[in-house]
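A short worksheet on the structure shown next.
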Amino acid sequence: MNHEQKEYHYFLCMMYGFYIIYSILVPLYLLNSMDRSVFYGHHWSKVVSSTLLVFNDIISYNIKDGPWNYKYLCLFTSYHIVNLLINFYFLRIEDKAWGRHPYSDKVDVIARIDSLIYLITGVLVYAFPDKVLLDLEEKHESYTTLCRSCAALILSLSFESYCLSEFLFLGDKKNFMFARVLGSLAKAFVIVHASLYWKIFSLNSFLLLFASNVVYNLVVVYGYLVTPNHPKEKLKNDE
């Protein structure tokens, strides 16, 4: 690995770490909720991400000269399977989502858009990881492995957003969107850091990544701003 490849590898590791932290922001901001069913979507998202990460481990192990050896396969696959079983357990004992009619609030529409964005992005990155490695000429399987790992977490975020319309309380929906705003701002920092400190992106690639993140941030900020803390505020806004 040359210097440029190492820095790109650091960036991908940083992105993977960012998405791990990002994936727990929503449950952290919903810990004090009176509606315990708000975690239903989160547990499903962890089931999906753990399953995709197991597949990623197997794919990486079976590739000739891939980054995974047998010990890594056993270690990471065992961890993901345990995580999968834990979340299946909580799906059985936690309150199920109420299944309220979608699009009853403006934020529900924003959440469906958010879900669609993560779904499309996650599918594309997981299916074509080598296509999203901007400005990297010599690509190694370790890069595509990290890309698929990030994609698994991105897809899981889609499930969280899809279940937002079933939240009982507007305050929970507002906290959900606030967590998304924080995550988007943190991602902007990662992109800027990679471009200015490691200098791994061309100007066009940086503008593409940064502009797409700004557009997404505007969407979730709007979802946060139009969501009142309780129904009385909603009635006042409607009047």
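The values are calculated or read from the model by the stated rules, or taken from the named source; none is laboratory data. Just so we're clear, the structure is a prediction, and the values are computed from it rather than from any experiment. FYI the Cβ positions are ideal-geometry reconstructions off the backbone, even for glycines, and counts take in every protein chain you see. Keep in mind that these areas ignore ligands, DNA and RNA; they rest on the heavy atoms of the full protein, side chains included. Shrake-Rupley method; radii C 1.70, N 1.55, O 1.52, S 1.80 Å.
The table for this structure:
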| read-out | value |
| --- | --- |
| Entirely in segment 128-236, the helices (runs of 4 or more DSSP H) that have 3 or more residues that are closer than 16 Å to GLY41 by Cβ and of a type outside the set (Val, Ile, Thr) | 141-162, 170-193 |
| Index of the failed condition, PRO27 passing every other in (1) surrounded by fewer than 17 Cβ atoms within 10 Å (Cβ to Cβ); (2) touching a residue at least 12 places away in the same chain (Cβ under 8 Å); (3) in contact with a Phe, Trp or Tyr (Cβ under 9 Å, 6 or more places away or on another chain) | (1) |
| Filtered residues of segment 109-126 (kept if free of Cβ contacts under 8 Å to residues at least 60 places away in the same chain and open to solvent by less than 60 Å² (accessible area, probe 1.4 Å)) | ARG112, SER115, TYR118, THR121, GLY122, VAL125 |
| Filter result for the condition that a residue is of a type in the set (Phe, Trp, Tyr) and in contact (Cβ under 8 Å) with a residue 40 or more places away in the chain, over PHE206, PHE159 | PHE159 |
| Check on CYS163, under 18 Å from LYS6 (Cα atoms) and under 16 Å from the mean Cα position of the chain (by Cα) | no |
| Number of the exception - VAL26 against (1) β-branched (Val, Ile, Thr); (2) at pLDDT 90 or above; (3) closer than 24 Å to PRO129 by Cα; (4) in contact with an Asp or Glu (Cβ under 7 Å, 6 or more places away or on another chain) | (3) |
